[in-house]
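Shown next, in structure tokens, is the structure this report addresses.
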Ligand SMILES: C[S@@+](CC[C@H](N)C(=O)[O-])C[C@H]1O[C@@H](n2cnc3c(N)ncnc32)[C@H](O)[C@@H]1O
């Protein structure tokens, strides 16, 4: 067995195929699992199922875990490890209590956060249907938008979280934000959009699928992957809600989607190996 795997140089290294080395994975610079645990850093995710028992990690808090709708800091940490390098500019158009800003600062990335209702001294008050940044100037975007009108973030009428996810207007307004994200991203760069579905008054609304469709079909993002993030800390994760879910035969939301997509870089992949058709086989 390669020495790196023996030493568990990356978490989940045991999942690597036998005989493979870390050189081939490109993860050779990453810290060992033991080192990460000692520093209370998140695990480097290698699958599309992410599950976090708490909102933050490390000595300094990231964002405010009392803020309703705060993002798990682990998600942003994982995204910037994969898609940015130190010094890169990360933007969060709905930054709320500033989780993205705090994670980026600790990891040596530059960050700008906007929100109609800032809950962090460095978050700038702004309606992100217009983002005051130049075209193609940003290296990564992370956004955790409202999923409908289930949470009351503020009294600001520009808050998209005041619109029901059952109405088309909700998606039209998010589309304006999505267009801005596309515009400010550099070609080939990545965006992560965290979004959850809705089940209200016996009606299911697949908010995640609708936002996915809007991003890919209307805006023109290219899909990278779809991650499921477990919803452990939501307000309905209580005995009484689990009881109701059984008694009235419905499901509590167990996960959110992290939609990973990129702005196309215009480079077409042209295969040099065009298979030759043996027409004789079809005669
Ligand atoms: C799920 S929370 C974001 C949480 C944040 N990532 C954090 O960790 O604290 C959604 C945020 O979207 C903001 N928001 C809603 N409509 C907006 C708009 N038009 N422009 C900017 N922010 C908006 C809300 O104020 C709220 O803070």
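Key figures for this structure:
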read-out: Candidate set from the range 158-177 (those that are part of a loop (DSSP other than H, G, I, E, B) and either away from the ligand (no atom under 12 Å from the Cβ) or modelled with pLDDT under 95 (or both)); member that is surrounded by the most Cβ atoms within 10 Å (Cβ to Cβ); value: 165
read-out: Residue check for residue 151: within 21 Å of residue 123 (Cα to Cα) and within 11 Å of the ligand (Cβ to nearest atom); value: yes
read-out: Failed condition for residue 142, given (1) more than 14 Å from the ligand (Cβ to nearest atom); (2) in contact (Cβ under 8 Å) with a residue 60 or more places away in the chain; value: (1)
read-out: Residue among 192, 208 that alone is within 24 Å of residue 234 (Cβ to Cβ), assigned by TED's automatic domain parsing to the domain that holds residue 83 and not in a helix (DSSP H, G or I); value: 192
read-out: Any hit, the range 82-92, residues being near the ligand (Cβ under 9 Å from one of its atoms) and in contact (Cβ under 8 Å) with a residue 40 or more places away in the chain; value: yes
read-out: Among the residues listed as 229, 151, the single one being under 27 Å from residue 77 (Cβ atoms), in a loop (DSSP other than H, G, I, E, B) and in the same structural domain as residue 98 (by TED's automatic domain parsing); value: 151
read-out: Lone qualifier among 134, 130, 186 - being over 30 Å from residue 59 (Cβ atoms), more than 12 Å from the ligand (Cβ to nearest atom) and assigned to a loop (DSSP other than H, G, I, E, B); value: 134
read-out: Where a residue in the range 164-176 is free of Cβ contacts under 8 Å to residues at least 40 places away in the same chain and its partner, wherever it lies, is outside any helix (DSSP H, G or I) and more than 13 Å from the ligand (Cβ to nearest atom), with Cβ under 7 Å and at least six apart; value: 166/205; 170/164
read-out: Counted residues, the range 63-81 - those being more than 8 Å from the ligand (Cβ to nearest atom), assigned to a loop (DSSP other than H, G, I, E, B) and crowded, with 23+ Cβ neighbours inside 10 Å; value: 1
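The values are calculated or read from the model by the stated rules, or taken from the named source; none is laboratory data. Predicted model only: the values in this text are computed from it and were never measured. No Cβ is skipped: glycine too gets one built from the backbone with ideal geometry, and neighbour counts run over all protein chains shown.
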